[in-house]
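Visitor: Have a look at this one before I ask anything.
The values are calculated or read from the model by the stated rules, or taken from the named source; none is laboratory data. All figures in this text were calculated on a predicted structure; none of them were measured in a lab. All Cβ positions, even for glycine, are placed from backbone atoms using ideal geometry, and neighbour counts span all protein chains on display. Ligands, DNA and RNA are stripped out before the accessible areas are found, and what is left, the full protein with its side chains, is counted by its heavy atoms. Shrake-Rupley method; radii C 1.70, N 1.55, O 1.52, S 1.80 Å.
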Amino acid sequence: MNKKVKLLLTIPNFDTAGSGKSVYDIVNRIDRSIFEPHVCCFHDRGELFEALKALDVKIHLFNFTENYRPFLTFPFRVFKIVKFFKTHKFDLIYSWHWSSDFSEPLAAKLAKIPYIYSKKAMGWGNKAWTWRSKLSTKVVVVNEEMKSAFFTGMEDKVVQIPLAVDINRFTPLNKTYTVPTGQQFNEDDFIIVSVANLVPVKGIEILLDAVNQLDDSSVKVLIVGDANNDYGAQLISDYKDHDHIFFLGKHLDVRPFLAVANLFVIPTKDEGRREGLPIAPMEAMASGRIVLGSDITGVREVLKAFPNCQFEPSNVDDLSHKIKTFRDMSQSNRDQLAKDMRSYVEQNLSVKIFMDMHEDLFKAILKID
């Protein structure tokens, strides 16, 4: 084809890693002979934003959503978004906005531009999600359970595309005993790593209490994630006297921390803003690490081929028992399980699969052969 498809990817910011990484992967890997990717976000902060700038992509800083109130001026404010979409002559809009806002799809509808949004979290909460979905051309969901939970009667709009891992970047790692933050460990230590934005639903205290219950000084826990909030501060205060627990802060590159891990644990609770499809355990699996996770939506999807690696949410006793099971497992059995997890990611959750499915979706919507 002569004219490239102008694809606009919208995302509020690149402060949080999950959605930002997915947008980065699409821009980085999309077929540039067919598509001309653009990105629109609210501001230019965030480490991943700097990485995005190196990809030779047009970046627009523009508020592509509007508050509904005051209702009297809402139509006029929406038309500002319509004008932005029309001025740049976008052929397709793909939103990675995590809110229930429907001003953006409404503007796309008025501009007569096909619109997709990605539903990444297991939350609904208000009727705005219904409006957002009805105004969309297609809705991308990241796990199977979302279809029946949220989209009964709209099945024709829903396409399941799981989030993905760059299996060339996250490769099986040789075991190390030192992390960039300076901590050193012994060969006899059993090191558990958890990577998460530290918010209450992540259930980090469940993991820490489960480890403390083992009363085994050789079991160390490394928590990698932003603790600059009330929950993080409380965790650090509550566990400051435990010298086997380390809060290491947020790091864009988590591979050096995965390299020391014998086990990766994601202890998310079954409440609040539940997981859609968490990327951190997928990265750990791709890195050749065993993952243990709570039996909840999203985590269950990642570990569906490994039911023995799931534990009852918020159950300290069950998690403690599971950790001990893997601690006592022979090294050869642990190595085989880690290899099986890596293979599962390669076959089901790779960026290549993610990109092939997205490009097929874009072409189908725009009727491109």
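Visitor: Answer rounded, prolate or oblate for the range 219-273, using the Cα gyration tensor with square roots of eigenvalues a ≥ b ≥ c: rounded when a/c is under 1.5, else prolate when a/b is larger than b/c, else oblate.
Guide: Details: a/c = 1.43, a/b = 1.19, b/c = 1.21.
Judged from the Cα gyration tensor, the range 219-273 comes out rounded (a/c under 1.5).
Visitor: Then there is this: May I ask you to give the solvent-accessible area per residue for the range 287-369, in square angstrom, as obtained with a 1.4 angstrom probe?
Guide: On the way: 3840 Å² over 83 residues.
With the other protein chains kept in place, the range 287-369 gives 46 Å² per residue.
Visitor: Figure the gain on full extension for Ser332 and Glu312 (residue separation times 0.36 nm, minus the Cα-Cα span) and round it to one decimal in nm. Intermediate values should be presented prior to the final figure.
Guide: Numbers: separation 20, 0.36 × 20 = 7.20 nm, distance 2.64 nm.
Net length gain for the segment: 4.6 nm.
Visitor: Please work out whether the range 181-302 counts as rounded, prolate or oblate from its C-alpha gyration tensor, where a ≥ b ≥ c are the square roots of the eigenvalues and a/c under 1.5 means rounded, while otherwise a/b larger than b/c means prolate and anything else oblate?
Guide: Details: a/c = 1.44, a/b = 1.16, b/c = 1.25.
Judged from the Cα gyration tensor, the range 181-302 comes out rounded (a/c under 1.5).
Visitor: Next up: Which whole-number percentage describes the relative contact order of the range 196-318, with Cα contacts under 8 Å and a sequence gap of 6 or more? Don't jump to the answer; show the numbers that get you there.
Guide: Numbers: 186 pairs, mean separation 31.4, N = 123.
Value for the range 196-318: 26 percent.
Visitor: Taking every DSSP beta bridge with both residues inside the chain, roughly what % is antiparallel (nearest 5)?
Guide: On the way: 2 of 44 bridges.
Antiparallel: roughly 5 percent of the beta bridges in the chain.
Visitor: Taking +1 at the Cβ of each Lys and Arg and -1 at the Cβ of each Asp and Glu, which of His88, Leu48, Ser99 sits farthest along the dipole of the range 31-103 towards its positive end, judged by Cα position relative to the Cα centre?
Guide: His88
Visitor: Okay, next question. About the Cα centre, and with charges only on the beta carbon of Lys, Arg (+1) and Asp, Glu (-1), how big is the dipole of the chain? Nearest 20 debye, please. Don't skip to the end; give the middle numbers.
Guide: Details: 47 positive and 47 negative charges, 463 e Å.
Dipole of the chain, to the nearest 20 debye: 2220 debye.
Visitor: While we're on this one: How high is the relative contact order of the range 256-302? Use alpha-carbon pairs under 8 Å, at least six apart in sequence, and give a whole percent.
Guide: Values: 65 pairs, mean separation 21.9, N = 47.
47 percent.
Visitor: From the phi angles alone, apply the Karplus equation (6.51, -1.76, 1.60; θ = phi - 60°) to the range 222-232 and give each ³J(HN,Hα) in whole Hz, x where the residue is Gly or Pro.
Guide: 10, 9, 10, x, 6, 9, 7, 7, 4, 5, x
Visitor: Let me ask something else about it. Given R₀ = 30 Å, what would the calculated FRET efficiency be for Asp340 paired with Asn228, taking r from the Cβ atoms and rounding to 0.05?
Guide: Working: r = 37 Å, r/R0 = 1.23.
E between Asp340 and Asn228, to the nearest 0.05, is 0.25.
Visitor: Please work out how many pairs of lysine residues in the range 228-369 are eight or more positions apart (or on different chains) and have Cα atoms closer than 24 angstrom.
Guide: Final tally of qualifying lysine pairs is 16.
Visitor: Skipping prolines and chain starts, which residues have an amide H placed within reach, meaning under 5 Å, of the one on Asn229, given they are 5 or more residues away or on another chain?
Guide: For Asn229, no residues qualify.
Visitor: If r is the Cβ-Cβ distance from Thr73 to His43 and R0 is 25 Å, what FRET efficiency results, to the nearest 0.05? All intermediate terms of the calculation are to be shown ahead of the outcome.
Guide: Numbers: r = 23 Å, r/R0 = 0.94.
Efficiency, rounded to the nearest 0.05: 0.60.
Visitor: Here is a further query. Over the chain, what is the mean sequence separation of C-alpha contacts under 8 Å (at least six apart), divided by residue count, expressed as relative contact order in percent? Working shown, then result.
Guide: Working: 653 pairs, mean separation 53.2, N = 369.
Worked out over the chain, it gives 14 percent.
Visitor: Right, next: Taking the range 1-47, which trypsin sites (Lys or Arg not before Pro) meet the DSSP loop condition and have no more than 13 other C-beta atoms within 10 Å?
Guide: Details: sites: Lys3, Lys4, Lys6, Lys21, Arg29, Arg32, Arg45; in loops: Lys3, Lys4, Arg32, Arg45.
When the trypsin sites (Lys or Arg not before Pro) of the range 1-47 are filtered for loop state and at most 13 Cβ neighbours within 10 Å, Lys3, Arg32, Arg45 remain.
Visitor: I need the shape label for the range 1-156. Rule: rounded when a/c is under 1.5, else prolate if a/b > b/c, else oblate, with a, b, c from the alpha carbon gyration tensor. Please report the intermediate quantities before stating the final value.
Guide: Details: a/c = 1.41, a/b = 1.20, b/c = 1.17.
Rounded.
Visitor: Right, next: Can you tell me which of Ser332, Ser294, Ser136 moves the most in a GNM of the chain? Springs connect C-alpha atoms under 10 Å apart.
Guide: Most flexible of the set in this elastic network: Ser332.
Visitor: Of Leu106, Leu235, Leu198, which has the largest mean-square fluctuation in a 10 Å C-alpha GNM of the chain?
Guide: Per the Cα network of the chain with a 10 Å cutoff, Leu235 tops the list.
Visitor: Subtract the Cα-Cα distance of Thr181 and Lys83 from 0.36 nm times their separation in residues, and report this length gain in nm to one decimal.
Guide: Numbers: separation 98, 0.36 × 98 = 35.28 nm, distance 4.82 nm.
Residue separation times 0.36 nm, minus the Cα-Cα distance, leaves 30.5 nm.
Visitor: How are the alpha carbon pair distances in the range 57-133 distributed across 10 Å bins from zero to the largest one, expressed in percent?
Guide: Computed distribution, short to long bins: 18, 52, 27, 3.
Visitor: Out of residues 5 or more away from Val5 or on other chains, whose amide H comes under 5 Å of its own, with H placed 1.01 Å from N in the peptide plane?
Guide: Correct list: Phe35, Glu36.
Visitor: Between Pro281, Pro75, Pro162, which gets the highest mean-square fluctuation from a Gaussian network model of the chain, Cα cutoff 10 Å?
Guide: Pro75
Visitor: Using alpha carbon centroids, what distance separates the range 1-77 and the range 149-190, in Å?
Guide: Their Cα centres are 24 Å away from one another.
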